[in-house]
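Visitor: Structure below; questions to follow.
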Amino acid sequence: MLSSIIGAVVVLLHAAGVLAAMHAVMNTRTPQGAFAWALGLVLLPYVTLVPYLYLGRSRFHGYVDLHRLRREQMQAMADIQLESALSTPDTCTRYAEIAHMLRTRFHAGQKLRLLVNGEAAFDAMLAAIGEAKHCVLVQFFIIHDDTLGRRLQQVLLERARAKVEICVLYDGIGSHALPHQYVDTLRDAGIAVHPFATQRRSNRFQLNFRNHRKIVVIDGTRGFVGGLNVGDEYLGLKPPLAPWRDTHLQIEGPAVADLQRSFAEDWHWVTGALPPLLSPTPNEGHAHTLIAATGPADRQETCSLFFVAAIHAARRRLWITTPYFVPDQAVMSALRLAVFRGVDVRVLIPSRPDHRTVFLATGLYAHDAVRAGIRIFRYQPGFLHQKVMLIDDDTASVGSMNLDNRSFRLNFEIGALNVDRTFAMQVEAMLREDFTHAHEVTEAEYLGAPYLRRLAMHVARLFDPVL
């Protein structure tokens, strides 16, 4: 009797695995991902079926339709309201395909401030929120109820008492540990706060399509974007990853309106309403800034294409820092071609893991990159989480985008691409300092590793579609 029941369960699991494999073949975004899922689901449904329920879904039509409609409406509003008084320089035309793809543009006259590491970034953000007069928009992938999280909570509560309108958006999975009490305290003070999800109805099986963006906008005049979330670990207060290396950016100028627009699209999906949208300050700086908001609701794989286009624009130097180096074929090919053009291509990655599987896959891709002439460096003092790219002598981007499949195809991301020699010099100085605390990876790192570790690297790479 027991053996019959076990046999029936096995047959049902394999039948469910075959059905799920058919779904994967029809819906997974890449052939490699479809093959990996289908093979696992057919041969090992006992192992892969449950993960596929959480990670395999690749479509969310309701969000896509509304996202595209709202983007078109808001872009039309921006075209009317935000015409720049300054002409776009020729140096920005190298990135024309990015602007065209994202249906956005460079804004002239931005005033930029580079914020190195968590203390500087959160001091600036919390001070700016504390000075808000009209409205505050806050969006993070992760908000923790710890010392930093409570600092944010207190400054928001103080501004709410001053009748400032506040909207807070956090990712439902990234902030899964955020207590209800933390959220209720904000709501009781009149602050609008919501979790982001691509389905308005709760779906415990939906782990893909996370909102990885980090946006703060104060009174429509000051905006912040970068790699930092709200938690004590981002201040370097939680070993073994401490000290935490990260970078954020403060923007003042018309480009802040595009940060507002990105926030408004996500807010409208969650709430059905628009947040307050205020006009940005006049042009007072010298930088040209393009806000690149990418995500799986776009018609193209915009994040991957953003990196490909930026890499192709490099003629002398391309320095990239990323915590996860799991590039797709298009990005890896673009990096190889940059080497052939004589570009100084360097990639700075961590020497400590926060996600073991991704770290192992990163090691194998680092080995492939070194063999292709790409210089790879491992940052030594602590965990490197910054997402920065320096192109030639005049362009630098700061944002939330990693070089991995989740950023390329599964997450909503945002970054600022800035063309300005002065700002690029500041980023160069910052990265040169980082490189002094790194050691260069050679082929010996992989070749000298124990066989089982090398095997683990290759196995980890099989999970590229979900890393």
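The values are calculated or read from the model by the stated rules, or taken from the named source; none is laboratory data. Owing to the predicted nature of the structure, the values given are computational and were not obtained by experimental measurement. Backbone-built Cβ (ideal geometry, glycine too); neighbour counts: all protein chains shown.
Visitor: Tally time: how many residues in region 245-288 are more than 19 Å from Ala121 (Cα to Cα), buried (at least 21 other Cβ atoms within 10 Å of the Cβ) and of a type in the set (Ser, Thr, Tyr)?
Guide: 1
Visitor: Suppose the filter is more than 13 Å from Ile320 (Cβ to Cβ) and either touching a helix residue (DSSP H, G or I) at 6+ places or on another chain (Cβ under 8 Å) or of a type in the set (A, V, I, L, M) (or both); does Gly342 pass it?
Guide: Judged against the criteria, Gly342 is not a match.
Visitor: Considering only residues that are surrounded by fewer than 20 Cβ atoms within 10 Å (Cβ to Cβ) and out of contact with any helix residue (DSSP H, G or I) (no Cβ under 6 Å at 6 or more places or on another chain), which ones fall in region 120-135?
Guide: Selection gives Ala120, Asp123, Ala124, Ala127, Glu131, Lys133, His134, Cys135.
So that you can scan it fast, the table gives a plain yes or no per residue for (1) more than 22 Å from Arg421 (Cβ to Cβ); (2) acidic (Asp, Glu); (3) touching a residue at least 40 places away in the same chain (Cβ under 8 Å); (4) out of contact with any Ser or Thr (no Cβ under 9 Å at 6 or more places or on another chain):
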| site | (1), (2), (3), (4) |
| --- | --- |
| Glu97 | yes, yes, yes, yes |
| Leu112 | no, no, yes, no |
| Glu119 | yes, yes, yes, yes |
| Lys133 | yes, no, yes, yes |
| Asp146 | yes, yes, yes, yes |
| Val155 | yes, no, no, yes |
| Arg159 | yes, no, no, yes |
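Condition check ((1) surrounded by fewer than 19 Cβ atoms within 10 Å (Cβ to Cβ); (2) assigned to a helix (DSSP H, G or I); (3) touching a residue at least 40 places away in the same chain (Cβ under 8 Å); (4) in contact with a Leu (Cβ under 7 Å, 6 or more places away or on another chain)) across all residues:
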| residue | (1), (2), (3), (4) |
| --- | --- |
| Ser333 | yes, yes, no, no |
| Arg336 | yes, yes, no, no |
| Leu348 | no, no, yes, yes |
| Tyr365 | no, yes, yes, no |
| Val370 | no, yes, yes, no |
| Ile376 | no, no, yes, no |
| Gln386 | no, no, yes, no |
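Visitor: Filter region 307-337 down to the residues that are closer than 16 Å to Ile391 by Cα and aliphatic (A, V, I, L, M) and list them by number.
Guide: Scanning region 307-337 gives Val308, Ala309, Ala310, Ile311, Ala313, Ala314, Leu318, Ile320, Val331, Ala334, Leu335, Leu337.
Visitor: Only residues that are farther than 21 Å from Leu431 by Cα and assigned to a helix (DSSP H, G or I): list them for region 108-123, please.
Guide: Result: Asp123, single match.
Visitor: Can Ala366 be described as among the aliphatic types (A, V, I, L, M), at pLDDT below 95 and in contact with a helix residue (DSSP H, G or I) (Cβ under 8 Å, 6 or more places away or on another chain)?
Guide: Criteria not met by Ala366.
Visitor: In region 139-172, which residues are hydrophobic (A, V, I, L, M, F, W, C), crowded, with 16+ Cβ neighbours inside 10 Å and not in a helix (DSSP H, G or I)?
Guide: Phe140, Phe141, Ile142, Ile143, Val164, Ile166, Cys167, Val168, Leu169
Visitor: Let me ask another. Against the condition touching a Ser or Thr at 6+ places or on another chain (Cβ under 6 Å), in the same structural domain as Leu455 (by TED's automatic domain parsing), among the charged types (D, E, K, R) and closer than 29 Å to Asp420 by Cβ, how does Asp394 come out, does it pass?
Guide: yes
Visitor: State all residues of region 307-331 that are assigned to a helix (DSSP H, G or I) and in contact (Cβ under 8 Å) with a residue 24 or more places away in the chain; if no residue qualifies, say none.
Guide: Phe307, Val308, Ala309, Ala310, Ile311, His312, Ala313, Ala330, Val331
Visitor: What number of residues within region 350-363 satisfy the criterion of being more than 15 Å from Glu445 (Cα to Cα) and in a helix (DSSP H, G or I)?
Guide: So the answer is 3.
Visitor: Filter region 36-52 for residues that are in a helix (DSSP H, G or I) and surrounded by fewer than 19 Cβ atoms within 10 Å (Cβ to Cβ); which is modelled with the highest pLDDT?
Guide: If we take residues in region 36-52 being in a helix (DSSP H, G or I) and surrounded by fewer than 19 Cβ atoms within 10 Å (Cβ to Cβ), then Val42 is modelled with the highest pLDDT.
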